[in-house]
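Below is one structure; the comments refer to it alone.
Nothing in this text is a laboratory measurement; each read-out follows from the coordinates by a stated rule. Model, not experiment: these values are computed from the prediction. Ideal geometry is used to build each Cβ from the backbone, glycine not excepted, and the neighbour counts take in all protein chains shown.
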Amino acid sequence: MSNWLKVTSFDKRDEYYTPALMVYPIIEFIKPGATIWCPFDTKDSEFVRVFTESGFKVIYSHLWLGQDFFEYEPEEHYDYIISNPPFTKKMDVFRRLYDLNKPFAMVLGLPILNYQVIGEFFLDKNLELLIFDKKVSFDGNTSSFNCSYFCNGILPRGIIFYHLPHNNTGQNFIPSGMAA
């Protein structure tokens, strides 16, 4: 069991569950029939549900299931790594993703681009951004910042702006299955 699991098995800053509204856009950039590893997800995740319903094979894992992303990798072949990582571990997650050398897409807040450590990390790495035109809510409340996909090896160009029909608030709010 990792030290992270022992020390911080739950940090509410790390548990924001991605609504389906944010999962659908990445699908158009994934090869049909691909296998996707969702390393921060349970069977109730919108990533798992939407990808499965869209015809992809999905492997999911989560710290709650005893599968620590920093120590675990599926034995089965997978083509992509897609999820919403724990915010407090974002740099460790990026390091591990580049070490795994697989195409990835991670939902993170765009304000992290202002962090010096992020800029220094990506100086010599490929980074692609799928940026939504709305600040999507994870809990029904209006979000104060934009979350979008930070990708490598998935998008056809470095930055793509993507239109969403709404921001998942008010009458449009649909919570993630992981929030239940």
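In table form, for the structure just shown:
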read-out	value
Tyr60 long-range amide H proximity, modeled H, under 5 Å	Cys38
Fraction of beta bridges assigned by DSSP in the chain that are antiparallel (%, nearest 5)	40 percent
Order by protection proxy (mean Cβ within 10 Å, highest first), peptides 97-106, 119-128	97-106, 119-128
Cα pair distances in the chain, grouped into 5 Å bins until the bin that holds the longest one, percent each	1, 8, 17, 22, 22, 18, 9, 2, 0
The chain, relative contact order in percent, only Cα pairs under 8 angstrom and at least six apart counted	23 percent
Karplus (6.51, -1.76, 1.60) ³J(HN,Hα), θ = phi - 60°, over the range 20-35, in Hz, Gly and Pro reported as x	4, 3, 8, 7, 3, x, 6, 4, 5, 9, 9, 5, x, x, 5, 9
